[in-house]
1. Given 0.36 nm per residue, what is the gain on full extension from Arg135 to Ser2 after removing their alpha carbon distance, in nm?
2. For every other residue with a beta carbon closer than 12 angstrom to the beta carbon of His122, add +1 if it is Lys or Arg and -1 if Asp or Glu, then tell me the sum.
3. Please give me the summed charge of the neighbours of Gly75: other residues whose Cβ is under 11 Å from its Cβ, Lys and Arg +1, Asp and Glu -1.
4. So, counting K/R as plus one and D/E as minus one, what does the shell of residues with Cβ under 14 Å around Ser163 add up to?
5. Hey, what angle do you get for helix 95-106 against the long axis of the chain, alpha-carbon based, 0 to 90 degrees rounded to 10?
6. Given the -39500 (n - 2.57) contribution per DSSP H run of 4+ residues, what per-residue ellipticity at 222 nm results for the chain, rounded to the nearest 500 deg cm²/dmol?
7. Given that just one value was derived from the coordinates, which of (1) 66, 41, 39; (2) 46, 44, 31; (3) 84, 41, 32 is Cα extents along the principal axes in Å?
8. Could you list Asp136, Asp94 so that the one with the fewest beta carbons within 10 Å of its beta carbon is first and the one with the most is last?
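Please treat every number below as a calculation from the coordinates, not as lab data. Predicted model, so just to flag it, every value in this text is computed and none were measured. Counting neighbours? That spans all protein chains shown, and the Cβs are built from the backbone with ideal geometry, glycine included.
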Amino acid sequence: MSLSHALMTSLLEKSSSGYDLARRFEKSIGYFWSATHQQIYRELARMEKAGWIASEAAPDGGRTRKKLYKVLEAGRTELQRWAREPAPLLDIRDEFMVRLRADAAIGPLGLAPELKRRLQLHRTKLAAYQAFEARDFPDHATLSREARIQHLILKTGLMYEESWVRWCEEALVVLAQDETCSPEEVTAPGA
């Protein structure tokens with residue numbers, strides 16, 4: 001996926017300035033496709049040059065250089081073309097898995113602190129996703145098609161984080177068998 005497709009999707013949901021788009025992006029699409037503000041502004045300029053989007057001065061009386069962006073028909077066509085392409089499966093490329101493999105090959109390397117850190121990060125993100133679900137999707141029976149699709153996306157994040165929490169807890173138990181701390185110490189909340 002290219003950043004341009006993610007940005008056009010967000011702009012189709014709501015025309016925005018670059019700044020507002022970047023802030024909205026961080027709170028939605030950014031959870032599974034990250035980009036810096038600089039990358040977003042560069043991509044907006046490239047997309048405008050390609051004729052996919054257009055900008056106009058913000059209606060603030062000319063006091064700022066703020067531009068509002070919207071998707072043009074050519075951008076909508078490009079997004080439809082891209083959306084129909086087969087999406088590649090996600091390749092896992094996690095340096096920690098190689099470290100864990102090294103631990104298996106040469107003996108305990110003291111990886112429990114890093115696993116505890118990762119466990120806490122996954123628990124924190126899971127809690128955030130659960131809060132989003134409670135806030136944004138309280139009544140599943142009355143959701144529109146758009147909201148049901150957005151909820152499906154959030155469910156992917158929930159399941160992803162839940163699986164990583166379970167995996168980290170299991171890995172800590174396995175590592176504890178050869179380390180100095182007990183499984184209870186490594187899996188306790190906040191440990």
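1. Once the chain is fully extended between Arg135 and Ser2, it gains 44.9 nm.
2. My count for the surroundings of His122 gives +3.
3. Result for the local shell: 0.
4. 0
5. Tilt relative to the chain: about 20 degrees.
6. -20500 deg cm²/dmol
7. (1)
8. Asp94, Asp136
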